[in-house]
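Structure, as structure tokens:
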Amino acid sequence: MKEYLIIDLLESVISGEWGNEPNGEQDVFVLRTTNFSNNGKIDFSKEVVKRNIDEKKVDAKKLNYGDIIIEKSGGSIDQPVGRVVFYDLRDDTTAYLCNNFTSVLRPNTKLVNPKFLFYFLFYLYKCKAVLKFQNQTTGIINLKLDNYLRNSTISIPMLGEQEHIVKILDKAQYLIEQRKQAIAKLDELVQAVFLDMFGQFSDTNCKIKDVIISLQAGLSTGGETRQKQGSELGVLTTSAVTSGEFIDTAYKVPSEKDIKLNKLVFPTKNSILVSRMNTRELVGASAIIEKDYNDLFIPDRLWKLTLDQRIVNPYYFLFVIQAKKIRDEVSRLSSGTSGSMLNISQEKYLGIDFYLPAKQLQDQFASMNIQIRNTKNKMKLQLQQLESNFQALLQKAFKGELTVKDGVAV
């Protein structure tokens, strides 16, 4: 193996362009960081904007198959700047550029397989090697790209072995994508079962307040982000419900002086937690609790809904309040001076209308839903294992521990 600086493996580094508002004459598609996915692929399902850019610049800067696009401005505390995506389109009839928050790294194909170099940069990002090359000014995190490229080294095998390693990593990533698609299909199946049984959400005959015994707000308190020790209590964060499934590891550990035991609200089996305050997309996020917890309590930004299970099945109710129609209604009814943080009042939330069929039909739907959820949970565990295997392969590949014999990783 031979060691190189990343910069020495590049044919060129091309800055992004933003141009002017489109006018229909010299318009071209421009990829932004909103088109970056966290798996290294370009997400064309999100709008790709058109901009008016000089023809000479388009000719000089249009993307070619094998280019690596790197994010050099943006990021956040939870998501460092420096993400990379691989441009894998071979269609020369449509030109794409990248915007001025990104740059194009064009590999020298005589020295390195472009996908091999992409996977290395993807690996560096995943292991947070980019952190020492970023700085922050006026709230924007920037990647010191030139320093990053001139101070990061990679040991690369011969081109033939690079190609074999790329095939192995591609296969591992393909299996991950297949599993994600299978999980998404299960979500579609639940939707189809609901529509078959109950139709669209157009009919309403009930309000949320009609099916609950109580709505309890949590306690406002701070805490440390660490694991609980011994008999310590944890206060849940709003991220415990934002995915739509309850995550019991999303908590902080408050100090004893901040805990008022007579005011604590604990999650209990078949209760529903709802985020009353969050961003526009996440206000109203909810999750069902599937067992009792006596070591976790809810914060003031979450509500605990205790349902009257004589008339409503918790799993039916959860599906309804997670549906787009109800979530849009929650967003519409929410208020707040900041567009990034909205709040819905108890009165408005409890007054939301929905359709409540006969209990027997609810139970039938819930039974099928639970079966599908159980299958989905098994698939999620498989997905976690596939992702863990992929990370292990990445680490082996770029620590020189992954070798290929007869096309098989050893």
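All of the numbers you see were taken from the coordinates with simple rules; none came from a lab. What you are looking at is a predicted structure, and each value in this text was computed from that prediction instead of being measured. With ideal geometry, Cβ positions are generated from the backbone for all residues, glycine too; neighbour counts draw on all protein chains shown.
Give me M277, M158 sorted ascending by neighbouring Cβ count inside 10 Å, so fewest comes first. Each step should come with its number before you reach the end.
Working: M277 19, M158 9.
Starting with the residue having the fewest Cβ neighbours, the order is M158, M277.
Straight-line reach only, C-alpha to C-alpha below 22 angstrom: list the lysines that K57 could link to, leaving out same-chain residues fewer than 8 apart.
Within the straight-line limit of under 22 Å, K57 reaches these lysines: K72.
Using the Karplus equation 6.51 cos²θ - 1.76 cosθ + 1.60 (θ = phi - 60°), what ³J(HN,Hα) coupling, rounded to whole Hz, does each residue of the range 187-200 give in order, writing x for Gly and Pro?
Working through the residues one at a time gives 4, 5, 5, 4, 4, 5, 4, 4, 4, 5, 7, 10, x, 6 Hz.
Quick one: what are the phi-derived ³J(HN,Hα) couplings along the range 165-170, Karplus 6.51/-1.76/1.60 with θ = phi - 60°, whole Hz, x for glycine and proline?
5, 4, 4, 5, 5, 4
Please give the residues of the range 287-302, grouped as numeric ranges, whose backbone N is less than 15 Å from a label point set 7 Å along the Cα-to-Cβ vector of Q346.
299-302
How far is helix 359-398 tilted off the main Cα axis of the chain, in degrees rounded to 10, range 0 to 90?
So the inclination is approximately 30 degrees.
Find, among the chymotrypsin sites (Phe, Trp or Tyr not before Pro) in the range 1-57, those assigned to loop by DSSP (not H, G, I, E, B) with at most 15 other beta-carbon atoms within 10 angstrom.
On the way: sites: Y4, W18, F29, F36, F44; in loops: W18, F44.
Here the chymotrypsin sites (Phe, Trp or Tyr not before Pro) that fit, given the DSSP loop and packing criteria, are W18, F44.
If you build a Gaussian network model of the chain, linking Cα atoms that sit under 10 Å apart, which residue out of S155, S334, S202 swings the most?
Answer for the Gaussian network model of the chain: S202.
Can you work out the base-10 log of I(q)/I(0) for the chain at q = 0.07, 0.11, 0.14 1/Å, using the Debye formula on its C-alpha atoms alone?
Computed log10 I(q)/I(0) values: -0.46, -1.02, -1.26.
Which residues' amide hydrogens lie under 5 Å from the amide hydrogen of M277, considering only partners 5 or more residues apart or on another chain, with H built in the peptide plane?
Correct list: G284.
Over the chain, with a Gaussian network built from C-alpha contacts below 10 Å, which listed residue (T242, T268, T94) shows the highest mean-square fluctuation?
Checking each option, the largest mean-square fluctuation is seen for T94.
Report, by chain and number, residues whose modeled amide H sits under 5 Å from the one on T102, excluding near sequence neighbours (fewer than 5 apart, same chain).
For T102, the qualifying residues are G16, K72.
Starting from the Cα of K291, step 7 Å along the direction of its Cβ; do the same at R332; then give the gap between the two resulting points in nm.
Between K291 and R332, the label points sit 4.0 nm apart.
Can you list which of the trypsin sites (Lys or Arg not before Pro) found in the range 236-345 are DSSP loop residues with at most 11 other C-beta atoms within 10 Å? Could the numbers behind the result be given before it?
Details: sites: K252, K257, K260, K263, K269, R276, R280, K291, R301, K304, R310, K324, K325, R327, R332; in loops: K260, K269, R276, R280, K291, R301, R310.
Listed in order of number, the matching sites are K260, K269, K291, R310.
Explain nothing, just compute: Karplus ³J(HN,Hα) = 6.51 cos²θ - 1.76 cosθ + 1.60, θ = phi - 60°, for every residue of the range 204-214 in order, whole Hz, x for Gly and Pro.
Each residue's phi maps through the Karplus curve to give 9, 9, 7, 10, 4, 5, 6, 10, 10, 8, 7 Hz.
In straight Cα distance, which lysines are under 17 Å from K376, not counting same-chain residues fewer than 8 positions off?
K180, K185
Any idea what the relative contact order of the chain is, in percent, if you count C-alpha pairs under 8 Å spaced at least 6 apart?
Numbers: 721 pairs, mean separation 61.2, N = 410.
Computed value for the chain: 15 percent relative contact order.
Can you bin the range 252-350 into rounded, prolate or oblate? Criterion: square roots of the alpha carbon gyration tensor eigenvalues sorted a ≥ b ≥ c, rounded for a/c under 1.5, prolate for a/b above b/c, oblate for the rest. Walk me through the numbers on the way to the answer.
Working: a/c = 2.25, a/b = 1.15, b/c = 1.95.
Oblate.
Once you have a ≥ b ≥ c as the square roots of the Cα gyration tensor eigenvalues for the range 345-397, tell me rounded if a/c is under 1.5, and otherwise prolate or oblate according to whether a/b is larger than b/c. Let's see the in-between values first.
Values: a/c = 7.78, a/b = 2.11, b/c = 3.68.
Here the range 345-397 falls in the oblate category.
Would you please classify the overall shape of the range 164-223 from the alpha carbon gyration tensor, given that a ≥ b ≥ c denote the square roots of the eigenvalues, rounded means a/c under 1.5, and beyond that prolate means a/b larger than b/c while oblate covers the rest? Could you put the intermediate results ahead of the total?
Numbers: a/c = 6.31, a/b = 1.61, b/c = 3.92.
Oblate.
Can you give the angle from 0 to 90° between the axis of helix 324-333 and the longest principal axis of the chain, with both taken from C-alpha atoms, to the nearest 10?
80
Could you tell me how many degrees, from 0 to 90 and to the nearest 10, lie between the Cα long axis of helix 114-126 and the main elongation axis, the longest principal axis, of the Cα atoms of the chain?
50
Using 21 Å as the Cα-Cα cut-off, could you pick out the over-long pairs in K228/K378; K257/K291; K41/K167; K115/K171; K115/K380?
In this structure, K228/K378; K257/K291; K115/K380 lie more than 21 Å apart at Cα.
Cut-off under 20 Å on the C-alpha distance; same-chain residues fewer than 8 positions from K209 excluded. Which lysines are left, in chain and number order?
Of all the lysines, those that pass the test against K209 - Cα under 20 Å, at least 8 places apart if same chain - are K269, K304, K324, K325, K348, K359.
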